[in-house]
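In what follows, a structure is listed as structure tokens, so that the remarks can point back to it.
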Amino acid sequence: MKATHLYLLLHVFLSTSVLVSTFEPFSTALVLGIGATLGRTIYNYLHESCEPKWIALNATGLKVDLDRKLYGQHIASRIILKAVSGFMSNDNPKKPLVLSLHGWTGTGKNFVSQLIADNVYKEGMDSSFVHIFTSELHFPHASQLETYKSQLQQWIKGNVTNCAHSMFIFDEMDKMHPGLIDSIKPYLDYYDKLDGVSYRKAIFIFLSNAGGESITQTALDFWKAGRDREEIELKDLETLLSLAVFNNKKSGLWHTSLIDKNLVDFFVPFLPLEYRHVLQCAMAEMIARGHQPDPSVADQVARDVVYFPKTERVFAVKGCKTIESKLDYYI
Ligand SMILES: Nc1ncnc2c1ncn2[C@@H]1O[C@H](COP(=O)(O)OP(=O)(O)OP(=O)(O)O)[C@@H](O)[C@H]1O
Ligand SMILES: *[C@@H]1O[C@H](CO)[C@@H](O)[C@H](O)[C@H]1NC(C)=O
Ligand SMILES: *[C@@H]1O[C@H](CO)[C@@H](O)[C@H](O)[C@H]1NC(C)=O
Ligand SMILES: [Mg+2]
């Protein structure tokens with residue numbers, strides 16, 4: 001649509017200049033010149049580029065989104081806001097920002113990545129500077145590890161060369177081959193430049209379920225002790241989380257020295273979601289669909305979700321993940 005307008009405009013200018021040219025060469029050059037300049041200006045205006053007009057953190061926007069749209073994640077919310085605003089307001093960061101998001105399924109890890117993208121890039125997740133890699137989609141065959149490694153390195157290098165403020169999201173990090181994780185390590189480190197490219201303004205986000213069980217155990221301990229969920233602090237989870245990630249032999253993170261080399265700036269725990277959060281998700285989904293939010297429908301949806309552990313039934317097995325499709329049955 002935008003491109004069509006642009007071509008139409010240029011076309012008008014060119015045809016005008018052809019008309020004019022039959023009369024006077026000087027005007028032709030002038031009109032052509034103005035046309036080209038105007039065309040370029042309009043193109044830059046409409047087309048995403050690696051410039052502050054398209055890439056700039058809206059810290060207020062991020063805070064508002066985290067407060068209003070993300071439910072039950074007081075720790076994650078706080079760390080993300082601090083980490084992203086600190087990093088984006090630093091004109092000369094010493095290394096790229098590396099966040100590792102951990103937690104039970106359906107608790108908002110992909111969702112938070114989207115909120116960050118929405119408030120850093122005008123185009124959000126659609127930005128050509130935001131890249132998502134999923135192990136099962138992009139790197140499915142262990143036998144092709146060497147190909148994947150060089151491909152991934154080239155992608156990161158190529159994209160950061162194009163735009164220093166690139167964002168890379170690695171989904172299902174725990175399913176990723178340790179060798180592949182190792183191959184991106186240099187980009188996360190404190191190097192001024194690698195082969196003439198500086199990676200220090202890039203953002204890397206790793207998503208995984210690693211440590212989800214120990215986070216859930218802590219949340220359950222608090223619940224059993226009758227303590228408020230909001231009383232859980234990062235320090236209650238930090239050691240546990242790194243232990244769980246270290247000791248989980250299935251997790252790709254465990255095999256690599258990402259952690260002991262301190263390349264990850266923030267480990268962000270996501271708590272398992274309770275009934276009241278599922279309720280909020282259902283209400284939000286109704287609003288997103290343009291329906292009048294109906295608490296009794298939301299209550300029905302939230303009550304039909306499966307909770308664990310078997311005896312206490314506190315946390316939603318799939319978090320808010322299936323709410324969107326479940327709602328179809330109730331509306
Ligand atoms: N804490 C939350 N607050 C608000 N909405 C949420 C939250 N968690 C999940 N959702 C909703 O559920 C959907 C699925 O969540 P999301 O994909 O972020 O889960 P995830 O943590 O990445 O799970 P998985 O580990 O299975 O990939 C989101 O798109 C969002 O609509
Ligand atoms: C930043 O976000 C706030 C809250 O969402 C919004 O009102 C404001 O217009 C945004 N600012 C910019 C520059 O996009
Ligand atoms: C940037 O990354 C994408 C994958 O998200 C890849 O397809 C593309 O080739 C990369 N660009 C460059 C210039 O390497
Ligand atoms: Mg996910």
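The values are calculated or read from the model by the stated rules, or taken from the named source; none is laboratory data. This is a predicted model, so every value here is computed, not measured. Ideal geometry is used to build each Cβ from the backbone, glycine not excepted, and the neighbour counts take in all protein chains shown.
Brief remarks on what is shown
- Residue match in region 165-173 (condition: touching a residue at least 60 places away in the same chain (Cβ under 8 Å) and over 26 Å from Thr105 (Cβ atoms)): yes
- Looking only at residues of region 87-104 that are among the small types (Gly, Ala, Ser) and surrounded by 14 or more Cβ atoms within 10 Å (Cβ to Cβ), we find that the one that is nearest to Ile205 (Cα to Cα) is Ser100.
- Among (1) within 30 Å of Asn159 (Cα to Cα); (2) at pLDDT below 80; (3) loosely packed, with under 14 Cβ neighbours inside 10 Å, the one test that Leu6 misses: (3)
- Whichever residue in region 192-210 is farther than 13 Å from Leu101 by Cβ and in contact (Cβ under 8 Å) with a residue 60 or more places away in the chain and, among such residues, is nearest to ligand 1 (Cβ to nearest atom): Ala202
A quick yes/no check of all residues on (1) touching a helix residue (DSSP H, G or I) at 6+ places or on another chain (Cβ under 7 Å); (2) closer than 18 Å to Phe168 by Cα:
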residue	(1), (2)
Ile80	yes, yes
Ser85	yes, yes
Gly106	no, no
Asn110	no, yes
Gly124	yes, yes
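- Unique match (being farther than 20 Å from Ile80 by Cα and either within 16 Å of ligand 1 (Cβ to nearest atom) or in contact (Cβ under 8 Å) with a residue 12 or more places away in the chain (or both)) among Thr147, Thr161: Thr161
- In this structure, Lys310 does satisfy being more than 16 Å from ligand 3 (Cβ to nearest atom), without any contact (Cβ under 8 Å) to a residue 12 or more places away in the chain, over 17 Å from Gln73 (Cβ atoms) and not in a helix (DSSP H, G or I).
- Per-region count, region 188-215, residues hydroxyl-bearing (Ser, Thr, Tyr) and modelled with pLDDT of 95 or more: 2
- When the residues of region 156-172 are filtered to those that are in contact with a His (Cβ under 9 Å, 6 or more places away or on another chain) and aliphatic (A, V, I, L, M), the one that is farthest from Leu145 (Cα to Cα) is Met167.
- Residue among Arg229, Arg200 that alone is under 30 Å from Glu51 (Cβ atoms), in the same structural domain as His102 (by TED's automatic domain parsing) and charged (D, E, K, R): Arg200
- Check on Glu136, within 16 Å of ligand 2 (Cβ to nearest atom) and either surrounded by fewer than 17 Cβ atoms within 10 Å (Cβ to Cβ) or over 22 Å from Lys95 (Cβ atoms) (or both): no
- Helices (runs of 4 or more DSSP H) contained in region 150-247 and holding at least 1 residues within 15 Å of ligand 3 (Cβ to nearest atom): 178-188
- Helices (runs of 4 or more DSSP H) completely within region 53-136 that count 2 or more residues being among the acidic types (Asp, Glu) and within 13 Å of ligand 1 (Cβ to nearest atom): 59-69
- Which numbered condition Phe139 misses (of (1) of a type in the set (Phe, Trp, Tyr); (2) away from ligand 4 (no atom under 16 Å from the Cβ); (3) at pLDDT 95 or above): (3)
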